[in-house]
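To keep things clear, I will list the structure first and then write my remarks on it.
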Amino acid sequence: MVIKTKHFPLPGETVLGGKFMMNPGGKGANQAISAARLGGQVTFITKIGNDIFGRQALQQFLKEGVDADYVISDPDNPSGVALITVDEKGENTIVVAPGANGTLHPEDVAKAEVVFKEAAIVLMQLEIPIATVQFAANLAARYGKKVILNPAPAAPLPEELYRNVTLITPNRSEAEALSGVAIKDLTTAEQAAQKLRAKGVAHVVITLGTEGAFVYDGSMAKLIPATPVVAVDTTAAGDVFNGALAVALSENLALDKAVEFANQAAAISVTRMGAQASAPFRKELQGLTLK
Ligand code: ADP
(Lines give C-alpha, C1' and ligand atoms only; values in the text may rest on other atoms or scores of the structure.)
Protein backbone atom coordinates (compact mmCIF):
# COMPACT_ATOMS: atom_id res chain seq x y z
CA MET A 1 0.00 0.00 0.00
CA VAL A 2 1.69 3.15 -1.26
CA ILE A 3 0.98 6.78 -0.36
CA LYS A 4 2.73 9.67 -2.05
CA THR A 5 3.58 12.53 0.29
CA LYS A 6 5.35 15.91 0.07
CA HIS A 7 7.48 14.99 3.04
CA PHE A 8 7.75 12.07 5.43
CA PRO A 9 5.96 12.50 8.78
CA LEU A 10 8.26 12.96 11.76
CA PRO A 11 7.59 10.84 14.86
CA GLY A 12 4.23 11.99 16.24
CA GLU A 13 3.39 14.05 13.13
CA THR A 14 0.44 13.49 10.78
CA VAL A 15 0.77 14.74 7.21
CA LEU A 16 -1.90 14.97 4.56
CA GLY A 17 -0.58 12.81 1.73
CA GLY A 18 -1.31 12.55 -1.97
CA LYS A 19 -2.36 9.61 -4.10
CA PHE A 20 -2.94 6.16 -2.55
CA MET A 21 -2.24 3.00 -4.57
CA MET A 22 -2.62 -0.66 -3.79
CA ASN A 23 -0.43 -3.06 -5.80
CA PRO A 24 -0.32 -6.81 -5.32
CA GLY A 25 3.24 -7.88 -4.59
CA GLY A 26 5.43 -10.10 -2.46
CA LYS A 27 8.52 -11.68 -3.98
CA GLY A 28 7.11 -15.21 -4.13
CA ALA A 29 3.82 -14.10 -5.68
CA ASN A 30 5.61 -11.87 -8.21
CA GLN A 31 7.91 -14.72 -9.21
CA ALA A 32 5.04 -17.23 -9.50
CA ILE A 33 2.95 -14.91 -11.67
CA SER A 34 5.95 -13.96 -13.84
CA ALA A 35 6.72 -17.63 -14.48
CA ALA A 36 3.07 -18.39 -15.28
CA ARG A 37 2.79 -15.46 -17.73
CA LEU A 38 5.91 -16.70 -19.51
CA GLY A 39 4.39 -20.12 -20.07
CA GLY A 40 5.55 -21.99 -16.97
CA GLN A 41 3.26 -24.50 -15.29
CA VAL A 42 3.39 -23.09 -11.77
CA THR A 43 2.27 -24.41 -8.40
CA PHE A 44 2.65 -21.77 -5.68
CA ILE A 45 3.12 -22.91 -2.08
CA THR A 46 2.36 -20.00 0.22
CA LYS A 47 0.30 -18.79 3.16
CA ILE A 48 -2.20 -15.95 3.11
CA GLY A 49 -4.35 -14.40 5.81
CA ASN A 50 -8.10 -14.99 6.08
CA ASP A 51 -8.74 -11.39 5.07
CA ILE A 52 -9.54 -9.23 2.05
CA PHE A 53 -5.90 -9.13 0.90
CA GLY A 54 -5.56 -12.90 1.08
CA ARG A 55 -8.79 -13.42 -0.84
CA GLN A 56 -7.69 -10.92 -3.50
CA ALA A 57 -4.30 -12.63 -3.81
CA LEU A 58 -5.93 -16.05 -4.25
CA GLN A 59 -8.25 -14.70 -6.97
CA GLN A 60 -5.25 -13.17 -8.70
CA PHE A 61 -3.27 -16.44 -8.66
CA LEU A 62 -6.23 -18.30 -10.18
CA LYS A 63 -6.74 -15.61 -12.81
CA GLU A 64 -3.07 -15.86 -13.80
CA GLY A 65 -3.25 -19.63 -14.18
CA VAL A 66 -1.15 -20.38 -11.09
CA ASP A 67 -2.10 -23.67 -9.39
CA ALA A 68 -3.28 -22.55 -5.94
CA ASP A 69 -3.94 -25.98 -4.36
CA TYR A 70 -1.21 -25.24 -1.79
CA VAL A 71 -2.12 -21.63 -1.08
CA ILE A 72 -2.93 -22.07 2.60
CA SER A 73 -5.15 -19.72 4.58
CA ASP A 74 -3.87 -18.89 8.08
CA PRO A 75 -6.85 -18.40 10.44
CA ASP A 76 -4.75 -16.54 13.03
CA ASN A 77 -2.53 -14.11 11.12
CA PRO A 78 -3.20 -11.37 8.58
CA SER A 79 -1.81 -11.47 5.03
CA GLY A 80 1.66 -10.03 4.58
CA VAL A 81 1.57 -6.33 3.69
CA ALA A 82 4.03 -3.52 3.07
CA LEU A 83 3.22 0.10 3.98
CA ILE A 84 5.21 2.37 1.68
CA THR A 85 5.51 6.14 1.58
CA VAL A 86 7.16 7.89 -1.37
CA ASP A 87 8.21 11.54 -1.09
CA GLU A 88 8.61 14.19 -3.78
CA LYS A 89 12.22 13.19 -4.41
CA GLY A 90 11.18 9.59 -5.05
CA GLU A 91 12.77 8.38 -1.79
CA ASN A 92 10.73 5.78 0.05
CA THR A 93 10.22 4.37 3.50
CA ILE A 94 8.83 0.86 3.80
CA VAL A 95 7.51 -1.15 6.73
CA VAL A 96 6.80 -4.81 5.96
CA ALA A 97 4.52 -6.90 8.17
CA PRO A 98 5.19 -10.50 7.07
CA GLY A 99 1.97 -11.79 8.71
CA ALA A 100 1.02 -15.23 7.37
CA ASN A 101 4.27 -15.46 5.35
CA GLY A 102 6.02 -15.94 8.66
CA THR A 103 3.89 -18.99 9.49
CA LEU A 104 4.60 -21.00 6.34
CA HIS A 105 6.19 -23.88 8.23
CA PRO A 106 8.05 -26.99 7.02
CA GLU A 107 4.90 -29.08 7.83
CA ASP A 108 2.98 -27.01 5.28
CA VAL A 109 5.58 -27.69 2.61
CA ALA A 110 5.66 -31.40 3.53
CA LYS A 111 1.97 -31.62 2.54
CA ALA A 112 2.98 -30.55 -0.98
CA GLU A 113 5.57 -33.34 -1.39
CA VAL A 114 3.82 -34.67 -4.51
CA VAL A 115 4.46 -31.32 -6.23
CA PHE A 116 8.19 -31.68 -5.60
CA LYS A 117 8.05 -35.12 -7.18
CA GLU A 118 6.49 -33.74 -10.36
CA ALA A 119 8.22 -30.36 -10.69
CA ALA A 120 11.29 -29.62 -12.82
CA ILE A 121 12.42 -26.62 -10.76
CA VAL A 122 11.86 -25.36 -7.22
CA LEU A 123 12.19 -21.55 -6.99
CA MET A 124 12.36 -19.83 -3.59
CA GLN A 125 13.12 -16.47 -2.00
CA LEU A 126 13.56 -15.36 1.61
CA GLU A 127 10.23 -13.76 2.53
CA ILE A 128 9.33 -17.01 4.33
CA PRO A 129 11.09 -18.57 7.36
CA ILE A 130 14.59 -19.83 6.60
CA ALA A 131 13.78 -23.21 8.22
CA THR A 132 11.05 -23.63 5.59
CA VAL A 133 13.44 -22.72 2.78
CA GLN A 134 15.89 -25.28 4.13
CA PHE A 135 13.23 -27.98 4.40
CA ALA A 136 12.03 -27.35 0.83
CA ALA A 137 15.59 -27.37 -0.53
CA ASN A 138 16.21 -30.70 1.21
CA LEU A 139 13.02 -32.18 -0.16
CA ALA A 140 13.86 -31.01 -3.68
CA ALA A 141 17.37 -32.43 -3.38
CA ARG A 142 15.91 -35.77 -2.30
CA TYR A 143 13.98 -35.89 -5.59
CA GLY A 144 17.03 -34.70 -7.54
CA LYS A 145 15.29 -31.48 -8.55
CA LYS A 146 16.99 -28.20 -9.46
CA VAL A 147 16.64 -25.55 -6.77
CA ILE A 148 16.90 -21.84 -7.60
CA LEU A 149 17.33 -19.63 -4.53
CA ASN A 150 16.84 -15.91 -4.91
CA PRO A 151 18.45 -14.81 -1.60
CA ALA A 152 16.25 -11.72 -1.18
CA PRO A 153 15.78 -9.86 1.06
CA ALA A 154 19.42 -10.33 2.09
CA ALA A 155 19.92 -12.62 5.07
CA PRO A 156 22.72 -14.90 6.23
CA LEU A 157 22.22 -18.44 4.95
CA PRO A 158 22.89 -21.66 6.87
CA GLU A 159 25.93 -23.45 5.38
CA GLU A 160 23.91 -26.62 4.77
CA LEU A 161 21.44 -24.75 2.57
CA TYR A 162 24.08 -23.89 -0.04
CA ARG A 163 24.70 -27.57 -0.72
CA ASN A 164 21.06 -28.14 -1.69
CA VAL A 165 20.85 -25.13 -4.00
CA THR A 166 21.65 -25.62 -7.70
CA LEU A 167 21.56 -21.95 -8.67
CA ILE A 168 21.72 -18.85 -6.47
CA THR A 169 20.60 -15.47 -7.90
CA PRO A 170 21.64 -12.58 -5.64
CA ASN A 171 21.57 -8.98 -6.82
CA ARG A 172 24.71 -6.92 -6.29
CA SER A 173 24.12 -6.01 -2.64
CA GLU A 174 22.93 -9.52 -1.70
CA ALA A 175 26.01 -11.04 -3.38
CA GLU A 176 28.21 -8.65 -1.40
CA ALA A 177 26.44 -9.51 1.86
CA LEU A 178 26.75 -13.28 1.27
CA SER A 179 30.32 -13.33 -0.06
CA GLY A 180 31.93 -10.41 1.76
CA VAL A 181 33.30 -9.20 -1.61
CA ALA A 182 32.43 -5.65 -2.73
CA ILE A 183 31.40 -5.91 -6.40
CA LYS A 184 32.91 -3.11 -8.47
CA ASP A 185 33.63 -4.84 -11.78
CA LEU A 186 33.61 -8.24 -13.45
CA THR A 187 36.74 -9.40 -11.60
CA THR A 188 35.16 -8.76 -8.21
CA ALA A 189 31.85 -10.25 -9.42
CA GLU A 190 33.75 -13.43 -10.29
CA GLN A 191 35.48 -13.43 -6.90
CA ALA A 192 32.08 -13.14 -5.15
CA ALA A 193 30.68 -15.94 -7.32
CA GLN A 194 33.69 -18.15 -6.54
CA LYS A 195 33.08 -17.67 -2.81
CA LEU A 196 29.47 -18.76 -3.21
CA ARG A 197 30.44 -21.76 -5.31
CA ALA A 198 32.96 -22.77 -2.68
CA LYS A 199 30.04 -23.07 -0.26
CA GLY A 200 28.50 -25.74 -2.49
CA VAL A 201 26.19 -24.00 -5.00
CA ALA A 202 26.84 -25.24 -8.54
CA HIS A 203 25.77 -22.12 -10.45
CA VAL A 204 25.77 -18.44 -9.57
CA VAL A 205 23.97 -15.61 -11.37
CA ILE A 206 24.55 -12.14 -9.93
CA THR A 207 22.04 -9.60 -11.27
CA LEU A 208 23.61 -6.21 -11.91
CA GLY A 209 20.63 -3.96 -12.73
CA THR A 210 21.20 -1.91 -15.89
CA GLU A 211 24.41 -3.85 -16.58
CA GLY A 212 22.65 -7.22 -16.88
CA ALA A 213 23.71 -10.39 -15.08
CA PHE A 214 27.00 -12.15 -14.38
CA VAL A 215 26.94 -15.92 -14.88
CA TYR A 216 29.41 -18.26 -13.24
CA ASP A 217 29.38 -22.06 -13.21
CA GLY A 218 32.99 -22.85 -12.42
CA SER A 219 34.08 -22.87 -16.07
CA MET A 220 31.90 -20.23 -17.70
CA ALA A 221 32.27 -16.70 -16.30
CA LYS A 222 30.57 -14.02 -18.32
CA LEU A 223 28.40 -10.95 -18.27
CA ILE A 224 25.15 -11.22 -20.17
CA PRO A 225 24.37 -7.56 -20.90
CA ALA A 226 20.97 -6.09 -20.01
CA THR A 227 18.53 -5.22 -22.76
CA PRO A 228 18.70 -1.42 -23.15
CA VAL A 229 15.31 0.15 -22.38
CA VAL A 230 13.94 3.34 -20.86
CA ALA A 231 13.12 2.29 -17.30
CA VAL A 232 10.09 3.83 -15.60
CA ASP A 233 9.73 1.52 -12.56
CA THR A 234 12.24 -1.16 -11.56
CA THR A 235 10.01 -2.64 -8.83
CA ALA A 236 10.05 -6.45 -9.13
CA ALA A 237 12.72 -6.50 -11.88
CA GLY A 238 14.54 -9.17 -9.89
CA ASP A 239 11.34 -11.17 -9.38
CA VAL A 240 10.49 -11.17 -13.08
CA PHE A 241 14.11 -12.15 -13.80
CA ASN A 242 13.86 -15.15 -11.44
CA GLY A 243 10.45 -16.27 -12.72
CA ALA A 244 11.73 -16.10 -16.29
CA LEU A 245 14.96 -17.90 -15.44
CA ALA A 246 12.99 -20.78 -13.89
CA VAL A 247 10.81 -21.09 -17.01
CA ALA A 248 13.80 -21.04 -19.37
CA LEU A 249 15.70 -23.64 -17.32
CA SER A 250 12.60 -25.86 -17.13
CA GLU A 251 12.67 -25.78 -20.95
CA ASN A 252 16.27 -27.04 -20.78
CA LEU A 253 17.91 -23.90 -22.10
CA ALA A 254 21.62 -23.58 -21.29
CA LEU A 255 22.31 -21.24 -18.35
CA ASP A 256 23.63 -18.34 -20.46
CA LYS A 257 20.67 -18.57 -22.86
CA ALA A 258 18.27 -18.76 -19.92
CA VAL A 259 19.84 -15.60 -18.46
CA GLU A 260 19.41 -13.85 -21.83
CA PHE A 261 15.71 -14.73 -21.72
CA ALA A 262 15.47 -13.50 -18.09
CA ASN A 263 17.24 -10.22 -18.98
CA GLN A 264 14.73 -9.65 -21.78
CA ALA A 265 11.73 -10.38 -19.56
CA ALA A 266 13.03 -8.15 -16.74
CA ALA A 267 13.80 -5.34 -19.20
CA ILE A 268 10.21 -5.35 -20.45
CA SER A 269 8.98 -5.22 -16.83
CA VAL A 270 11.01 -2.10 -15.97
CA THR A 271 9.36 -0.18 -18.84
CA ARG A 272 6.01 -0.52 -17.02
CA MET A 273 4.67 0.56 -13.63
CA GLY A 274 3.90 -1.89 -10.85
CA ALA A 275 5.12 -5.22 -9.54
CA GLN A 276 2.98 -8.13 -10.78
CA ALA A 277 1.28 -5.82 -13.26
CA SER A 278 4.57 -5.20 -15.09
CA ALA A 279 5.44 -8.88 -15.70
CA PRO A 280 5.49 -9.68 -19.44
CA PHE A 281 3.60 -12.45 -21.24
CA ARG A 282 5.37 -15.06 -23.35
CA LYS A 283 4.07 -13.61 -26.60
CA GLU A 284 5.92 -10.37 -25.82
CA LEU A 285 9.20 -12.30 -25.94
CA GLN A 286 8.39 -14.14 -29.12
CA GLY A 287 10.77 -13.46 -31.93
CA LEU A 288 13.55 -14.14 -29.45
CA THR A 289 15.44 -17.22 -30.64
CA LEU A 290 17.71 -18.62 -28.00
CA LYS A 291 18.50 -22.24 -28.77
P1 ADP B 1 16.78 -6.33 -8.01
O2 ADP B 1 15.61 -5.71 -8.70
O3 ADP B 1 16.46 -7.64 -7.38
O4 ADP B 1 17.57 -5.42 -7.14
P5 ADP B 1 18.55 -5.92 -10.30
O6 ADP B 1 18.46 -4.45 -10.07
O7 ADP B 1 19.90 -6.51 -10.44
O8 ADP B 1 17.79 -6.77 -9.19
O9 ADP B 1 17.70 -6.23 -11.62
C10 ADP B 1 17.41 -7.56 -12.00
C11 ADP B 1 17.47 -7.69 -13.52
O12 ADP B 1 16.50 -6.81 -14.10
C13 ADP B 1 18.80 -7.28 -14.12
O14 ADP B 1 19.72 -8.36 -14.14
C15 ADP B 1 18.38 -6.88 -15.53
O16 ADP B 1 18.20 -8.03 -16.35
C17 ADP B 1 16.99 -6.27 -15.31
N18 ADP B 1 17.04 -4.80 -15.15
C19 ADP B 1 17.02 -4.09 -14.00
N20 ADP B 1 17.07 -2.76 -14.23
C21 ADP B 1 17.10 -2.62 -15.58
C22 ADP B 1 17.16 -1.50 -16.49
N23 ADP B 1 17.16 -0.23 -16.03
N24 ADP B 1 17.19 -1.76 -17.83
C25 ADP B 1 17.18 -3.02 -18.31
N26 ADP B 1 17.12 -4.12 -17.52
C27 ADP B 1 17.10 -3.93 -16.18
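Structure summary
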{"read-out": "Residues within the stretch 209-227 that are of a type outside the set (S, T, Y) and near the ligand (Cβ under 7 Å from one of its atoms), tallied", "value": "4"}
{"read-out": "Sole exception among (1) crowded, with 24+ Cβ neighbours inside 10 Å; (2) more than 10 Å from the ligand (Cβ to nearest atom) for A244, by number", "value": "(2)"}
{"read-out": "Selection status of V215, open to solvent by less than 40 Å² (accessible area, probe 1.4 Å), touching a Leu at 6+ places or on another chain (Cβ under 8 Å) and more than 19 Å from A35 (Cβ to Cβ)", "value": "yes"}
{"read-out": "Selection status of A265, at pLDDT 95 or above and more than 9 Å from the ligand (Cβ to nearest atom)", "value": "no"}
{"read-out": "Residue match in the stretch 31-42 (condition: open to solvent by 40 Å² or more (accessible area, probe 1.4 Å), out of contact with any strand residue (DSSP E or B) (no Cβ under 8 Å at 6 or more places or on another chain) and either within 19 Å of T234 (Cβ to Cβ) or of a type in the set (G, A, S) (or both))", "value": "yes"}
{"read-out": "Subset of the stretch 164-173 (residues that are open to solvent by 20 Å² or more (accessible area, probe 1.4 Å), closer than 18 Å to L245 by Cα, without any contact (Cβ under 8 Å) to a residue 40 or more places away in the chain and within 12 Å of the ligand (Cβ to nearest atom))", "value": "R172"}
{"read-out": "S250 being modelled with pLDDT under 95, out of contact with any Ser or Thr (no Cβ under 8 Å at 6 or more places or on another chain) and either more than 19 Å from V201 (Cβ to Cβ) or away from the ligand (no atom under 14 Å from the Cβ) (or both)", "value": "no"}
{"read-out": "All helices (runs of 4 or more DSSP H) inside the stretch 51-130 with 1 or more residues being open to solvent by 50 Å² or more (accessible area, probe 1.4 Å), closer than 30 Å to N164 by Cα and in contact with a Lys or Arg (Cβ under 9 Å, 6 or more places away or on another chain)", "value": "113-118"}
{"read-out": "Some residue of the stretch 85-95 being under 20 Å from the mean Cα position of the chain (by Cα) and within 22 Å of F135 (Cβ to Cβ)", "value": "no"}
{"read-out": "Odd one out for G28, checked against (1) over 20 Å from V133 (Cβ atoms); (2) at pLDDT 95 or above", "value": "(1)"}
{"read-out": "Where A231 falls short, out of the listed (1) near the ligand (Cβ under 8 Å from one of its atoms); (2) at pLDDT below 95; (3) under 20 Å from A175 (Cα atoms)", "value": "(3)"}
{"read-out": "Residue check for I183: farther than 26 Å from K47 by Cα and open to solvent by less than 40 Å² (accessible area, probe 1.4 Å)", "value": "yes"}
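The values are calculated or read from the model by the stated rules, or taken from the named source; none is laboratory data. Note that the structure is a prediction, hence the values are computed from the model and not measured. Backbone-built Cβ (ideal geometry, glycine too); neighbour counts: all protein chains shown. Note: areas computed on protein heavy atoms with side chains; ligands, DNA, RNA excluded. Shrake-Rupley method; radii C 1.70, N 1.55, O 1.52, S 1.80 Å.
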